[in-house]
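I have placed the structure first, in the form of structure tokens, so that the comments after it can refer back to it.
Coordinate-derived values only; no laboratory data. No experiment lies behind these values; they were computed from the predicted model shown. Neighbour counts run over all protein chains shown; Cβ positions are idealised from the backbone, glycine included.
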Amino acid sequence: METSFWRSLWRTKPVDEIVREGGGGEGGELKRSMTLIQLTFFSVGATLGTGIFVVMGEATPLAGPAVVLAFLLSAITALFSALSYAELAGTIPVSGSSYSYTYATMGELVAWVCGWCLILEYGVSVSAVAVGWAQYLNDFLDKAFGVKIPDAWSQAPDKGGVINITAVLIVAAMTFLLMRGASESAKVNTAMVFFKLGLLIFFIVVGFTGFNSGNLSPFMPLGFAGVSAAASQVFFSYIGFDAASTAGEEAKNPKRDLPLAIILSLAIVTIVYVLVALVAVGALPWTELDSDTEASLSAILTDVTGATWPALLLSAGAVIAITSVVLTVLYGQTRILFAMSRDGLVPPLFQKINRRTSVPVANTLVVGGFVSLLAALVPLDHLTDATSIGTLFAFALVNLGVIVLRRTKPHLPRSFKTPLYPLTPLLGVFFCLYVMQGLRPVTWLVFALWTLAGLVFYFGYSRRHSRLLRAQREMR
């Protein structure tokens, strides 16, 4: 009996069953409507914005001008995992992302822990981004109209506020948009991504005219340890490239488009991040780069052009950039819970589809409400590190999943194969662990407590309601 219990925790879900269920389950079927460019921009939308407009100002004091290398190091860390995501997304094109991949390769218990980490990654990160959005909206209103939202309604309680109502409003608006349908959300996101890419390209072109190579010397004043510490901070800005993998059941051609969207989005984001960081530390001494990154970038534009309108445009761009992150990350969270609900590991409410809009409405409302509560009451600096550690753990599992599936199902059709196997996924695991060790002890404590809470939920609810376990018992 004890052996049977232990084995049941590691039973994997057959790949063909996961893919078959992706065509529709008890709660309904999602609608295939997303093109390659929409999938790519979903990942770009989920990624591009937080790193430049929220995190860069915190990472630069740790590395100096070498913050550029920190962005590259984080990109390399993300690349190995992105290649593994691309292989598994093309092989198992469903909504569950790394949760579903882990279920197929390492068993239910590990899949649950991975899914629980994804709830931390997506739910907490979108809350952090909504808090950042509230700050940038205030900055834009101040620059454009000389108006500021009172701290009582734009800050968390420990920052002098009562409730961050502006953060709640952006989450509520994006929740409403998601309820209208995935296709409508994708179109709005594509427009926002085009705008913020154009704006950042504008900053790069204009900023380079004020570039001073002397600002890059010394390039690494705090040594490689500083670069490593900065990379741990900056990695938060790459979270989101996997967003396309959560749209596996809404992609028109998932086996071809999902791998391409993941890799293309990471390439676009990396190029933009590195160039913006290089311009910023080249046009402004790194010691003067304010923790409010957008204010520093605005100062560069004002100094170079001698006009105030470019800074105002950048401020508006920050608001738009972070709006698209809220939209796409909120979307990803609902689709992961949809997949977990279909497996019985979270309540069935999360998989019920509205027949008219093909959207999991109750799921979207619950997620929007939870995220709003976090964004209203918790400050930004308590959220970002917790997001990074959950993401890195999930990424490590995806890399391991590629190795396991290659060994257990070598003849499974794969529309994309990770190059230099097994070196690439092994390096992916190594870099994830390397960046994780640079996070603060308190972050590890939060992660341990979160994991413990997840295990309590699993053994208290999920295991007893698992469809896989129930089906296997009926076969005996």
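Would you give the gap between the C-alpha center of segment 101-115 and the C-alpha center of segment 247-313, rounded to a whole Å? Cα centres, segment 101-115 to segment 247-313: 34 Å. Sorted ascending by nearby beta carbons within 10 Å, beginning with the fewest, 465, 411 become 411, 465.
What full-extension length gain, to one decimal in nm, is calculated for residue 461 and residue 224 as 0.36 nm per residue of separation minus the Cα-Cα distance? It would help to have the intermediate numbers written out before the result.
Details: separation 237, 0.36 × 237 = 85.32 nm, distance 4.59 nm.
Length gained, residue 461 through residue 224: 80.7 nm.
Basic side chains Lys and Arg get +1 at the Cβ, acidic Asp and Glu get -1 at the Cβ, and with that the dipole of the chain about its Cα centre reaches some 1960 debye. Residues 444, 309 in ascending order of nearby Cβ atoms (within 10 Å, fewest first): 309, 444.
Estimated at 0.36 nm per residue, the fully extended path between residue 144 and residue 352 surpasses their Cα-Cα distance by 70.5 nm. Computed from the C-beta positions of residue 373 and residue 7, the FRET efficiency with R₀ = 60 Å rounds to 0.95. Taking every alpha-carbon pair under 8 Å whose residues sit at least 6 apart, the chain reaches a relative contact order of 33 percent. Close amide H contacts of residue 34 (hydrogens built in the peptide plane, cut-off under 5 Å, sequence separation of 5 or more or a different chain): 251, 252. On the beta carbon distance between residue 470 and residue 408, with R0 = 22 Å, the FRET formula returns roughly 0.40.
Report the net charge of residues surrounding residue 149, where surrounding means a beta-carbon distance below 11 angstrom and charges are Lys +1, Arg +1, Asp -1, Glu -1. Please report the intermediate quantities before stating the final value.
On the way: positive: 148; negative: 139, 142, 151.
Summing Lys and Arg as +1 and Asp and Glu as -1 gives -2.
Run the helix sum for the chain: -39,500 (n - 2.57) per DSSP H stretch of 4+ residues, divided by residue count, reported at 222 nm to the nearest 500 deg cm²/dmol. Roughly -22000 deg cm²/dmol at 222 nm, from the helical runs in the chain. As a rough guide to protection, the peptides 248-255, 61-68 ranked by mean Cβ packing within 10 Å, highest first, stand as 61-68, 248-255.
Averaging the Cα positions of each part gives two centres, and for segment 190-225 and segment 65-98 these lie 22 Å apart. Rounded to whole numbers, the Karplus 3J(HN,Hα) couplings from phi for segment 436-452 are 4, 5, x, 7, 5, x, 5, 5, 5, 5, 4, 4, 5, 5, 5, 5, 4 Hz, using 6.51 cos²θ - 1.76 cosθ + 1.60 with θ = phi - 60°, and x at Gly and Pro. With 0.36 nm allotted per residue and the present C-alpha distance subtracted, the residue 453-residue 195 stretch has 88.8 nm of extension available. Spin-label pair residue 76-residue 288: with each label point 7 Å from Cα along the Cα-Cβ axis, the two points sit 3.2 nm from one another. Each residue of segment 311-320 was assigned a 3J(HN,Hα) from its phi angle through the Karplus expression (A = 6.51, B = -1.76, C = 1.60, θ = phi - 60°), giving 5, 5, 5, 5, 5, 5, x, 4, 5, 5 Hz with x at Gly and Pro. Sequentially through segment 111-121, phi angles give Karplus couplings (6.51, -1.76, 1.60; θ = phi - 60°) of 4, 4, 4, 5, x, 5, 5, 5, 4, 5, 4 Hz, Gly and Pro residues having no value and appearing as x. Here residue 361 and residue 187 are evaluated by their C-beta separation; at R0 = 25 Å the FRET efficiency comes out at 0.80.
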